[in-house]
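**Student:** I am attaching a structure below and will ask some questions about it afterwards.
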Amino acid sequence: MATYGMKIFTGNSNPELAHQICDSLEIPLGRALVSTFSDGEIRVEIAENVRGADVFVVQSGAHPVNDHLVELLVMIDALKRASARRITAVIPYYCYSRQDRKNKPRVPITARLVADLITSAGTHRILTMDLHAGQIQGFFDIPVDNLYASPVLLPYIREHFGHNLVIVSPDAGGVPRARAYAQRLKVGLALIDKRRVDVNEAEALNIIGEVADKTAIILDDMADTAGTLVGATKTLLDKGAMEVHACVTHPVLSGPAVERIENSALKSLVVTNTLPLRPQAALCDKIKVVSTARLFSQAIKSIHNEDSISTLFEIQH
């Protein structure tokens, strides 16, 4: 059992989730001033004593991504210099995760660069959810706990979508995740043969698997411009699916995403609160939000008490 106090701080990226985590743990949110100077530089001041404390900083890679990333780095540096005993960066959505490899000449591996920045700032541990690529854990030289959203998404699927289902992976990379969901739900599995034609633009070509006369659930780790979701929905309906829903962990929903969703035949988009919804998305009736606060609070409590968190990994990829 840890003998020193637990404190939770947050920046400006997702304060609502941080408050929910604190409510679940029945502790107050730590007091910190996180703002900007007149020239736009990030200003951070920790407003309470953290010497010897076990500190958790909740900060997602929400829009504007670069501002919130620098907020995280500066907060970690401030806590380190204030003699916090251990600093855990709780990053519900790890930004730059799609830039995890060199897929063409002369491009960076930005996910690794971000890992180096976070580690160099003074972080002792990372807690995140549904990394876009599992190998990102290997970019860190510190422990990384990658939670899955399945404990909150699976109950929602069971409660709202009945039994005549097929779980659909939007690409080959998502098949392990989709297969795990399909096995737990005891339903069928399908794959969309998708070819990416440009950055943030993909074309769904074919369906591998039986979807006719079934409710199709598209499963993915994130929805950005929603082009994949909308294209997949059309293809699934053309192949005989009765209706199409989507479940994704991270609602990035940038650019024309919300307009595309509203104008599409997609019945609903279920997301988690790893990222706060932008105003336009919050007004969209098709978008439903489930909370991950309980999962993060359980993981934080276990880390603080030096207990195992393996029981939280309901879905193993």
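The values are calculated or read from the model by the stated rules, or taken from the named source; none is laboratory data. Treat the numbers as computed from the prediction; the structure is a model and nothing was measured. So basically every Cβ, Gly included, is an ideal-geometry build from the backbone, and we count neighbours across all protein chains shown.
**Student:** So, in segment 176-231, of the ones that are at pLDDT below 90 and of a type in the set (D, E, K, R), which residue ends up surrounded by the fewest Cβ atoms within 10 Å (Cβ to Cβ)?
**Tutor:** Checking each candidate, the answer is Asp198.
**Student:** Which condition breaks for Arg112 when tested against (1) in the same structural domain as Ser60 (by the TED database); (2) assigned to a strand (DSSP E or B)?
**Tutor:** Looking at each condition in turn, Arg112 falls short on (2).
**Student:** Moving to a separate point now. Going through segment 264-288 one residue at a time, which ones are farther than 20 Å from Asp213 by Cα, in contact (Cβ under 8 Å) with a residue 12 or more places away in the chain and not aliphatic (A, V, I, L, M)?
**Tutor:** Thr272, Asn273, Thr274, Pro276, Arg278, Gln280, Cys284, Lys286, Lys288
**Student:** Then there is this: Looking only at segment 75-111, count every residue that is of a type in the set (D, E, K, R), closer than 16 Å to Glu45 by Cβ and either free of Cβ contacts under 8 Å to residues at least 12 places away in the same chain or surrounded by 21 or more Cβ atoms within 10 Å (Cβ to Cβ) (or both) and tell me the total.
**Tutor:** 1
**Student:** In addition: Which one is farthest from the chain's Cα centre (by Cα), of the residues in segment 69-109 that are of a type in the set (Ser, Thr, Tyr) and part of a loop (DSSP other than H, G, I, E, B)?
**Tutor:** So, considering only residues that are of a type in the set (Ser, Thr, Tyr) and part of a loop (DSSP other than H, G, I, E, B), the one farthest from the chain's Cα centre (by Cα) is Ser83.
**Student:** A further question on this structure: Taking segment 148-172 as the search range and keeping residues that are under 24 Å from Ser310 (Cβ atoms) and out of contact with any strand residue (DSSP E or B) (no Cβ under 8 Å at 6 or more places or on another chain), which one is surrounded by the most Cβ atoms within 10 Å (Cβ to Cβ)?
**Tutor:** Ser150
**Student:** Restricting segment 23-51 to residues that are in contact (Cβ under 8 Å) with a residue 40 or more places away in the chain and surrounded by 13 or more Cβ atoms within 10 Å (Cβ to Cβ), which is farthest from the chain's Cα centre (by Cα)?
**Tutor:** It comes out as Val50.
**Student:** How many of the residues making up segment 131-147 are touching a strand residue (DSSP E or B) at 6+ places or on another chain (Cβ under 6 Å), without any contact (Cβ under 8 Å) to a residue 24 or more places away in the chain and of a type in the set (D, E, K, R)?
**Tutor:** Looking only at that region, the number is 0.
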